[in-house]
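K.L.:
I have a structure I would like to understand better, so I am pasting it below and will then ask my questions one at a time.
The values are calculated or read from the model by the stated rules, or taken from the named source; none is laboratory data. Here the structure is a predicted model, which means the values were calculated and not measured. No Cβ is skipped: glycine too gets one built from the backbone with ideal geometry, and neighbour counts run over all protein chains shown. The protein model used for the area step is the full one, side chains on, heavy atoms only, and it has no ligands, DNA or RNA in it. Shrake-Rupley method; radii C 1.70, N 1.55, O 1.52, S 1.80 Å.
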Amino acid sequence: MLRNFLTVGGWTMLSRILGLVRDQLLAALMGAGALQDAYQVAFRLPNMFRRLFGEGAFNAAFVPLFSSVMTREGKDEARLFARQALGVMLVWLVFLCVLGEVFMPQILRVIAPGFLQNGDRYDLAVSLSRITFPYLVLICAAALLAGVLNGLHRFGMASAAYLAFNVVGIAAIVGAAPFFPNVAYAAAWGVTASGVVQLGLLAWACERARFGLSPLWPVLTPRIRLLLRRMVPGLIGSGVGQINLTIDTIIGTLLPAGSVSLMYFADRINQLPLGVLGAAAGTTLLPVLTRHLAAADHDAAHVAQNRSIEYVLLLTLPAVAGLLVLADPIMIVLFGHGSFTQHDAVLSAQSLRAYAMGLPAFVLVKVLSPAFFARGDTRTPVYVGIAILVLNALLNLALMKPLAHVGPPLASSLAACINVLCLGFLLWQRAALRLPGAMISRLIRVLVAAAGMGGGLWLAGFVLALPGPFLFRALWLAGMVGVGGMAYPVLLHGLGVIDLRVSWAAIARRLGRR
């Protein structure tokens, strides 16, 4: 599981780095204003549905069923089930896409009510959304193929294919912008084109795995009915984070122009650790838990789940400390260029700190949710999710005026923390979550090590102020990250969480084999 965790995490990290380059281009060319806001809303809509219908609810219901069919009935039955599911998904998504294209003006009145105050921004958002919305069909079909590959334990290609989104996006922004009225149109067409490429790559990967899939005409077989029953409630249970971000966007459109952009770029940095660790943990843990529970090996399921919790917190907590301390220089160095001013970067850093406070909770939701899904329970996260959505909306309304662009991110972080507490308590009540005393002790020491690293970085930044020229700023930031990266494992070693000598010996053996 750890090897698969690192495989998915590695490919996701590479994708996030390319995504950072793409976002830097968007920031430099469009800045933080009405044009950027319109594009971000246009991208948010299909991306939200992708997370809900594709990576979220569908995968949460499909992967356990697919893995169970593969284990109990063999490869042919599993392929038949996947082809049936693909047929049902495509018919539903095409219908949804047509509705979206027709009623896009009305949809944007709901998700971007603040744009109505500026007719040009609203009209632009409608045009861009109609360009990006077909991405929904393509990427959700791609998510099904990725789920099949994950069920076959071919995690590498399933994760690597998502690089295409950022590669094609960068190419569109750089190469196609001169042929469109503005950069936003080029970026929007790049989104849809990337969906075509991703779907093609994953279809090719399934063929290479000798598991080629062509959709069958939709038939509601008993197994498909079971899939739909598990999927429908999971639309909320697995998509709480995305719906919360959409609420943030709705509130952001009611704030001064540029607020949506400030929160978007902050969230993109927050998504580096969240996307890498959350995606890796959730993707690799779900089939492992399903397999252990299908074999009635509950002890192994507990061990796998606890290991995932330890892995993600070991890597997430220092990320939180680093983001809280270095938010300003991170945003200035990465985005403070071109149309995105240094003042914009500092304001966006305020949103980043608010998102970072909830980072452990955002990641733990990805670890705890599979514990329900692997047991065929997609209802419980729904009930928790509904309560969290209401709470997030109330917190947004309470914080938007006094905190402006910091309010929605802080509301999401607080809601995520309560989400984790609720999910953890329910799993503990059902004896599906056991945290040994030794594990709790290790996690406390991890927290102390992360806090010590963050304190050291704050002191170093206080003594050595951020320089003026860009090159020196970049070197300063790289140096601070490097110092933190070296200090953290030393602190872990000193607190007895890890043994660096054993770790170095294992790395040396690994390199020796190569």
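K.L.:
Calculate, in nm to one decimal, what A300 and F103 gain on full extension: separation in residues at 0.36 nm each, minus their alpha carbon distance. Mind showing how you got there, number by number?
P.N.:
Numbers: separation 197, 0.36 × 197 = 70.92 nm, distance 4.91 nm.
My answer for the length gained is 66.0 nm.
K.L.:
Using the per-residue mean of other Cβ atoms lying within 10 Å as a proxy for protection, in what order, highest first, do the peptides 418-424, 143-149 fall?
P.N.:
Values: 418-424: 19.9, 143-149: 25.6.
Highest mean packing first, the order is 143-149, 418-424.
K.L.:
Just subtract the alpha-carbon distance of Q117 and F425 from 0.36 nm times their residue separation and send over the number in nm, one decimal.
P.N.:
On the way: separation 308, 0.36 × 308 = 110.88 nm, distance 4.41 nm.
Going from the current span to full extension adds 106.5 nm.
K.L.:
What is the range 135-216's relative contact order, in percent, from Cα pairs under 8 angstrom and six or more apart in sequence? Could the numbers behind the result be given before it?
P.N.:
Values: 75 pairs, mean separation 30.6, N = 82.
Value for the range 135-216: 37 percent.
K.L.:
A further question follows. Return the sequence-ordered ³J(HN,Hα) values of the range 25-41 in whole Hz as given by the Karplus equation 6.51 cos²θ - 1.76 cosθ + 1.60 applied to θ = phi - 60°, using x for Gly and Pro.
P.N.:
5, 4, 5, 5, 8, 10, x, 10, x, 4, 4, 5, 4, 4, 5, 5, 5
K.L.:
If you don't mind, there's one more thing I want to ask. Between E77 and W458, what FRET efficiency follows from the Cβ-Cβ distance if R0 is 51 Å, with the result rounded to 0.05?
P.N.:
On the way: r = 57 Å, r/R0 = 1.12.
Calculated value: 0.35.
K.L.:
Report the far tail of the P(r) of the range 357-477, meaning the percent of Cα-Cα pairs longer than 17 Å.
P.N.:
Details: 5100 of 7260 pairs.
Everything past 17 Å amounts to 70 percent.
K.L.:
Return the distance in nm (one decimal) between the two label points of a simple spin-label model at M486 and R501, each offset 7 Å from Cα along Cα→Cβ.
P.N.:
Inter-label distance under the simple model: 2.2 nm.
K.L.:
Summing +1 for each Lys or Arg and -1 for each Asp or Glu, what net charge is found among the other residues whose Cβ lies under 10 Å from the Cβ of L495? Before the final figure, lay out the partial values.
P.N.:
Details: positive: R442, R445; negative: none.
Residues near L495 contribute +2 overall.
K.L.:
Leaving ligands, DNA and RNA out of it, report the carbon-plus-sulfur percent of the accessible area of the chain at a 1.4 Å probe.
P.N.:
Values: 14740 of 21320 Å².
Percent of accessible area from carbon and sulfur atoms in the chain: 69.
K.L.:
Could I get the Rg over Rh figure for the range 415-488? Both from C-alpha atoms, Rh via Kirkwood, rounded to two places. Can you show the working numbers first?
P.N.:
On the way: Rg = 18.9 Å, Rh = 15.5 Å.
Across the range 415-488, the Cα-based Rg/Rh ratio is 1.22.
K.L.:
Sort 247-259, 462-474, 335-347, 425-437 by the packing proxy (mean of other Cβ within 10 Å over each peptide's residues), most packed first. Provide the component values of the computation, followed by the final result.
P.N.:
On the way: 247-259: 21.3, 462-474: 10.7, 335-347: 19.1, 425-437: 13.5.
Put in order of decreasing packing, that is 247-259, 335-347, 425-437, 462-474.
K.L.:
If I take every Cα pair under 8 Å that is 6 or more residues apart in the chain, average their sequence separation and divide by the length, what percent do I get for the relative contact order?
P.N.:
On the way: 745 pairs, mean separation 106.7, N = 514.
Normalised by residue count, the contact order of the chain is 21 percent.
K.L.:
Per residue of the range 264-273, in order, report the coupling 6.51 cos²θ - 1.76 cosθ + 1.60 (Karplus, θ = phi - 60°) as ³J(HN,Hα) in whole Hz, putting x for Gly and Pro.
P.N.:
These are the phi-based 3J(HN,Hα) values: 4, 5, 5, 5, 4, 5, 4, 6, 4, x Hz.
K.L.:
Can you give the translational diffusion coefficient of the chain in µm²/s, computed by Stokes-Einstein from the Kirkwood radius over Cα pairs at 20 °C and 1.002 mPa s?
P.N.:
91
K.L.:
Label-point separation (nm) for A478 and V196, each offset 7 Å from Cα along Cα-to-Cβ?
P.N.:
3.8
K.L.:
Multiply the residue separation of R223 and N182 by 0.36 nm, subtract the distance between their alpha-carbon atoms, and state the gained length in nm to one decimal. Numbers along the way, then the final one.
P.N.:
On the way: separation 41, 0.36 × 41 = 14.76 nm, distance 4.75 nm.
That works out to 10.0 nm of additional length.
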